[in-house]
Amino acid sequence: MLRFRLVYIFFYNLLQFCGHTWILTNTIIRFLIFGQDAVADTFYTVGLVMSLCQLLSILELFHIADGIEEAKLLPRLIQVLEKNLLLMMLVLLEEFQSKPVVCVQLFFWNILDLLRYPHEVLCVMDTTFTVILWARYTLWIPVYILSAITEGVTIYQAMLDTATSASGMQNSTDSSHSHQPFVHKASLPLLALGVSFTVWQSLKERQHQLERWHKKMKRK
């Protein structure tokens, strides 16, 4: 059973790494070929694979609860909810998917996961590389903060677009559409609170990992 769990978590992290690598590579290549024109349909091109990767990330909550992965449950829950709820909003707002901020958001999400999943794969193999360890617990934090800021900008722009389109409608029969700006307003302070908690926990985890690494180096 232990061997099966190790094989499962190894292939899960490897699958996530390959998925995000494909998304980032596809995005960069299209941008190099088409320039700024590629920004408009970035979500159309990679949105499906991104959605599948983020839906799969829900399994990580069960990994932590079951003890397969050693991590704090609440910060991971916040990260999973952030991405999946924002992706649901982007899927519903088709006219908003071509905004440049959406392309930037997808870029930051991929960078975050590409900083994390290689480290998780190596942890299953009981191997550690200093550069990957540093990227996971040091570089990951400022990138996450930038990603969270982009999420806030994305929600704010979506709120403005929704409010503008709602005010231009002749008939206000679509009550769910008219209530979307209020949902967006409520999500901004919740996002700020969740991000602050996650960054605080990440800094504590970074300190813990650094202490473990230093002890390991002294033993050698």
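The values are calculated or read from the model by the stated rules, or taken from the named source; none is laboratory data. Owing to the predicted nature of the structure, the values given are computational and were not obtained by experimental measurement. With ideal geometry, Cβ positions are generated from the backbone for all residues, glycine too; neighbour counts draw on all protein chains shown. Just the protein is used for accessible areas: all its heavy atoms, side chains included, with ligands, DNA and RNA removed. Shrake-Rupley method; radii C 1.70, N 1.55, O 1.52, S 1.80 Å.
Things worth noting here:
- Estimated at 0.36 nm per residue, the fully extended path between ALA71 and LYS215 surpasses their Cα-Cα distance by 49.8 nm.
- Area of HIS208 that stays accessible when all protein chains are in place (1.4 Å probe, Å², to 10): 90 Å²
- For Rg/Rh (Cα atoms, Kirkwood Rh), the candidate list reads (1) 1.02; (2) 1.05; (3) 0.93; the entry that matches the value derived from this model is (1).
- Spin-label pair LYS204/THR128, simplified geometry with 7 Å Cα→Cβ offset, distance in nm: 2.0 nm
- The figure for VAL49 is an accessible area of roughly 40 square angstrom, using a 1.4 Å probe on the protein chains alone.
- q = 0.25, 0.29 Å⁻¹, region 96-152: log10 I(q)/I(0) [Debye, one scatterer per Cα]: -0.92, -1.09
- Among the chymotrypsin sites (Phe, Trp or Tyr not before Pro) within region 80-131, those in coil by DSSP and having at most 15 neighbouring Cβ atoms inside 10 Å are PHE129.
- Dipole check for the chain: with +1 at the C-beta of Lys and Arg, -1 at the C-beta of Asp and Glu, and the Cα centre as origin, the magnitude is about 1260 Debye.
- Separation of the LEU52 and VAL143 label points, Cα + 7 Å toward Cβ, nm: 2.2 nm
- Pairs of Lys residues in the chain that lie 8 or more places apart, or on two chains, and have C-alpha atoms under 26 angstrom apart add up to 12.
- Three-way shape call for region 20-128 based on the alpha-carbon gyration tensor, with the a/c threshold at 1.5: oblate
- Placing unit charges on the Cβ atoms of the charged side chains and taking the dipole of the chain about its Cα centre, the candidate lying farthest along the positive direction among VAL104, LEU61, VAL124 is VAL124.
- Extension gain (nm, one decimal) between TRP22 and LEU190, 0.36 nm per residue minus Cα-Cα: 57.4 nm
- Chain lengthening between LEU2 and TYR44 when straightened (0.36 nm per residue, less Cα-Cα): 11.1 nm
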